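Just below is one structure, and these are the notes that go with it.
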Amino acid sequence: MKKVELNVNGIPHQVIAGSDLTLLDFLRDTLHLTGAKQSCDKKGQCGACTVIVDGKAVRSCLARVAKLDGAEVVTVEGLGTPANPHLVQHAFVLSGAIQCGFCTPGMIMAAKALLDRNPDPTVEEIKHALRRNLCRCTGYAKIIDAVKLAGRFLRGETTPDEIRPDPDGPKTGVSHPRPSAMLKACGVAQFTADIVIPGALELAGVRSPHAHALIRSIDTSAAEQMPGVVGVLTAKDVKGTNRLKYIVADRPILCEDKVRYIGDPVAAVAALTRDQAIAAAGAVKVDYELLPVLDTPEKAIAEGAVQVHADRPNACFVQPLLKGDADRAFAESAVVVEARFVTQLNHQAPLEPEPCAAYLEGDGDDAQLVVIGRSINIHKHLQMLQEGTGWENMRYEEAYSGGQFGIKLDITSEGMAAVAALHFRRPVRYIPSLVEAMQMTSKRHPFYMDVKLGADAQGRLTAYRNHFLADSGAYFSNSDVTTQRALHMLSGSYHIPNIDAHDTVVYTNNPWTSAARGAGPPQVNFALESAMDMLARKLGIDPLEFRVLNLLSPGQSKATGHVVEEWPVLGLCEAIRPHYERARREAETHGNEVLRRGVGLGTGSFGIGSAGDQATVAVELDPDDGVTIYGAVADPGEGNDSMLTQIAADMLELPLDRVRLVTRDTDHTAASGPAAASRLTYMAGGALVNAIEQVKSAMVEAGVTPAQAGTTTYEQMRQAGVKTRFVGVRKTGYAGPLDPKTGQGPSFESQVHAVQLAEVEVNTETGAVRVVKMTTAVDAGVVINPLNLVGQLEGGMDMGVGYSLREQYVPGQTKDWASFKFPTMGTAFDMEVVIRETPRKYGARGSVGVGEMTMVPTAPAVMNAIEDAVGVRITDLPATPEKIKTALVSGG
Ligand code: FES
Ligand code: FES
């Protein structure tokens, strides 16, 4: 131990520190300064813990307090407060650099340290200084903008007041800062692990190291004797169904007799500290009897394969799609291309691991179990937990969430935490390690697609075949929904009169799969848009002209037979054309024998929500004539708080700060559905519009006039006996599933569209690909907040490039952000967004959501650019240097 004196945010502290006490733990656990986050198991990989020590940016998880005698430490809390922010904090808020905000405190501190020593850094200097800080949401572009803007502020070239949109000006179509942005910039937005629960037990999971095995016995006796251990839970301690049922009741909170993938939960250890729980988890002895491992869908559907679930076949969902007569059309086609396309198992990779807290409010059987976590669908998840644990009186509270990208469509740590809080009758926190969080969460479905695409001699598409196997992994989650969404969007942006598709979802012993940004359409779009370029090449037609020739038009039908009313893709093709022509010219003049430039296109048309979707949002007039919006409208970083606030302020002509939100608590909201399928602007925004229209109608009917001196609208309505709370509902106009035999049926009433351009440079010696630039032309209807919109599109492109070139989750091997190949400032590339606004007939004031759009066409655009550069076609993702080099050596 050593006595150390150090200053933190100007306050002196004396600490008697052991040699292993990290600065991060001291800040968070002792001083309760939770602005500094941790994401990477303190391996120094994420930068979320960055603070300034003696003027330098330091990853506080790597710094030992015992070595900081006399140090001056500044955390994000010491920089500024929401009432009095620092200029760097202003810059991040005003640049749209804050989405989920989990990376933000670390980014801000790294930026501050840079600007203190270099007030006018170049982009390369910014990238270098922030190279150790990860962000999953932004694609880094807005963060670089924020550092540049902060430099201008600090150099006195402009001020936040000059940059900030006029709060009294228009409320929509303007980039007003997000309501939560400054809280995140100042490190005071509370994420789950930041919530202080004195005396809470800490949990750690015991997880299977085997992909498929029977559990013969579990011996908890040694673990129970370890220091600090309060108890060890197994399946027999779960009082409810012990299932977390999204659609199918197949996923246990704790496994009973069998494990089905590496990471399946077998037991939960509760201890006084997290370190004690983790140590004891390692002492739980599980006797397994190994079973054959089915690690591909082909093995799982082979004759005689063992069933992953005794009560369901491995081919657990099947959906054909038949439109027209594909066989005849192929026979009459002038050209066809055929290939097998494969996409990888991938992690959605939100920066925040899967924390959860649970405690009982009240006593005895009447107590209410409160679960706090990062749900994006609190009402659905509440119901799942009630059934799984057998405890009815429960509420779910959504904390601030460090990104999600589909991973929180299902619940994870909440199950164990709820069971433990009920069993021990004590508050619990479950803050999993990154490796455990990676094991417990869903992944993106791998697809194995056998594809054939045909066209006539003029280049018009005639027929399309895509028979695919989708790997559901060990559990089903929403695999039927995900793969049906793939079928709904199978024909992409095009008119294809004859289609023969077949979707088979297969249980395997891989990690379970579920929603992941785009969820299904990115996989099938990779196949279709790759085949489009292959066909254009065969026909000798320019890829852009070939796409224009085959675009769907209003009045024509998609793959499912659904006739579309709106289809503004032609305008996007024209918007991308000058960029495409510029890129083509540059590709010819840049590069050399080793570094070759290429240009590729991809289009995408993404359905919003689903057929038969519904959302509910209530609006209540407040005594000061502001309003409070009640709705379970999760915001894991997309900007849904802005969307609700700006629509309400615009429609009711209110200042933005008089719109209040109650969105995070099941006791105070009605269900608005998940923050998924890019649906919340369309659905929850639509429900809000409906509620406000009712408010306005009620005011007119009651003869309420705008507030005069001495009275308020609220008082006038109360005196007139008019209610002040109105419930808005938004339902999509079409309902019903696809026909189980033909896959024909109702589909989305609106979509978002994109045409995307990739410019790459391929090293012919190493096979390495550098993305030079991505440009996207997008039409999402009327824009509510331009910076939020662009931020979603940039983040999707960055994620799409990671999916294209690097990212893959390998069970048992992917254990941290380095082995996952998380995108960094170093892999960031130039991005340009072109916006077109075609008001949507059914949109919320003409708007639709956009969160998943650019994830969809990025991978094929990059693969098409690689072929354009070096003549090799990569058909299995990711396109690693090894694959490209092998293809180059073998001649493509
Ligand atoms: S927690 Fe320090 S770098 Fe990740
Ligand atoms: S805003 Fe950077 S990780 Fe979410």
Worksheet, complete the sentence: Using alpha carbon centers only, segment 160-230 is separated from segment 36-107 by a whole-angstrom value of 17 Å
Worksheet entry | Dipole magnitude (debye, nearest 20) for the chain, charges at Cβ of Lys, Arg, Asp, Glu | 840 debye
Discussion item. If I model a spin label at Arg582 and Val196 as a point 7 Å from the Cα along the Cα→Cβ vector, what separation in nanometres do I get?
Written reply: 5.3 nm
Fill in: Euclidean distance of C-alpha centroids, segment 356-408 and segment 825-892, integer Å
37 Å
Worksheet item: Can you work out the FRET efficiency for the pair Ala339 and Glu256, with r the C-beta to C-beta distance and R0 = 45 Å, to the nearest 0.05?
Response: 0.55
Fill in: Alpha-carbon Debye profile of segment 793-837, log10 I(q)/I(0) at 0.21, 0.23, 0.34 Å⁻¹
-0.74, -0.83, -1.26
Worksheet item: Taking the simple approach of a point 7 Å from Cα along Cα-to-Cβ for both Arg312 and Gln744, what is their distance in nm?
Response: 3.0 nm
Practice prompt. Order the peptides 193-200, 531-538 from the highest to the lowest mean number of other Cβ atoms within 10 Å of their residues.
Written response: 531-538, 193-200
Item to complete: Grab the beta carbon distance between Asp876 and Arg395, set R0 = 41 Å, and tell me the FRET efficiency rounded to 0.05.
Response: 0.35
Discussion item. Give me the percent relative contact order of segment 2-78, please, defined on Cα pairs under 8 angstrom at least 6 residues apart.
Written reply: 42 percent
Discussion item. Please compute the contact order of the chain in relative form: average sequence separation of alpha-carbon pairs under 8 Å and at least six residues apart, divided by the residue count, as a percent.
Written reply: 14 percent
Discussion item. Could you order the peptides 722-728, 637-643, 858-864 from most to least packed, using the average number of other C-beta atoms within 10 Å per residue?
Written reply: 858-864, 637-643, 722-728
Discussion item. So for segment 362-478, considering every pair of alpha-carbon atoms, how many percent are separated by more than 16 Å?
Written reply: 69 percent
Item to complete: Compute the label zone of Thr766 within segment 588-604: residues whose backbone N is under 19 Å from the point 7 Å along Cα-to-Cβ.
Response: 591-598
Item to complete: Determine the equivalent ellipsoid of the chain by diagonalising the alpha-carbon gyration tensor, then write out the semi-axes as square roots of 5 times the eigenvalues, largest first, rounded to whole Å.
Response: 40, 34, 31
Item to complete: Work out the charge dipole of the chain with +1 on the Cβ of Lys and Arg and -1 on the Cβ of Asp and Glu about the Cα centre, then indicate which of Leu31, Leu544, Pro170 is farthest towards its positive end.
Response: Leu544
Worksheet item: Taking Rh as the Kirkwood radius computed over C-alpha pairs, what is the Stokes-Einstein D of segment 482-578 at 25 °C in a medium of viscosity 0.890 mPa s, expressed in µm² per second?
Response: 163 µm²/s
Practice prompt. Subtracting the Cα-Cα distance from 0.36 nm times the residue separation, let me have the gained length for His590 to Asp365 in nm, one decimal.
Written response: 73.8 nm
Discussion item. With +1 on the Cβ of every Lys and Arg and -1 on the Cβ of every Asp and Glu, and nothing else charged, how large is the dipole of segment 87-189 about its Cα centre, in debye rounded to the nearest 20?
Written reply: 460 debye
Fill in: Under 13 Å, Cβ to Cβ, from Gly826 - net charge with Lys/Arg +1 and Asp/Glu -1
+4
Response to the item:
Rounded to a whole number, the Stokes-Einstein D of segment 145-304 in µm²/s (Kirkwood radius over Cα pairs; 4 °C; 1.567 mPa s) is 63 µm²/s
Practice prompt. Take every DSSP beta bridge whose two residues both sit in the chain, then give the antiparallel share in percent to the nearest 5.
Written response: 75 percent
Discussion item. Can you compute the charge dipole magnitude of segment 1-100 about its Cα centre, using +1 on each Lys and Arg Cβ and -1 on each Asp and Glu Cβ, nothing else charged? Give it in debye, rounded to the nearest 20.
Written reply: 240 debye
Response to the item:
In this structure, the FRET efficiency calculated for Asn84 and Thr273 from their beta-carbon separation, with R0 = 35 Å, to the nearest 0.05, is 0.45
Item to complete: Could you tell me what % of all Cα pairs in segment 87-189 have separations over 20 Å?
Response: 34 percent
Worksheet item: What relative contact order, as a whole-number percentage, does segment 572-629 give when Cα pairs under 8 Å and 6 or more residues apart are counted?
Response: 17 percent
Worksheet item: If the limit is 19 Å between Cα atoms, which of Lys538/Lys773; Lys696/Lys723; Lys37/Lys148; Lys127/Lys148 go over it?
Response: Lys538/Lys773; Lys37/Lys148
Discussion item. Can you tell me the length gained on complete extension of the stretch Glu125 to Arg660, counting 0.36 nm per residue apart and subtracting the Cα distance?
Written reply: 188.6 nm
Item to complete: Would you mind pulling out the separation of the Cα centroids of segment 16-32 and segment 763-789, in Å?
Response: 41 Å
Worksheet entry | Surrounding net charge for Ala129, when Lys and Arg each add one and Asp and Glu each subtract one, Cβ distance under 12 Å | +3
Worksheet item: What's the local net charge at Gly373, with K and R +1, D and E -1, over the other residues with C-beta under 14 Å away?
Response: -2
Fill in: Per-bin percent of Cα-Cα distances, segment 614-731 [5 Å]
2, 13, 23, 25, 17, 11, 6, 3, 1, 0
Fill in: Distance between modelled label sites at Asn118 and Ile541, nm, 7 Å Cα→Cβ extension
4.9 nm
Discussion item. Students often get this wrong, so check it: of Lys408/Lys558; Lys821/Lys883; Lys43/Lys815, which have C-alpha atoms separated by over 18 Å?
Written reply: Lys408/Lys558
Worksheet item: What ranking of Lys452, Lys56 emerges when the number of other C-beta atoms within 10 Å of each C-beta is taken as an exposure proxy, fewest first?
Response: Lys56, Lys452
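Computed from the coordinates by the stated procedures, all read-outs in this text should not be read as laboratory data. Please read all numbers here as calculations on a predicted model, not as lab measurements. All Cβ positions, glycine included, derive from the backbone under ideal geometry; neighbour counts span all protein chains shown.
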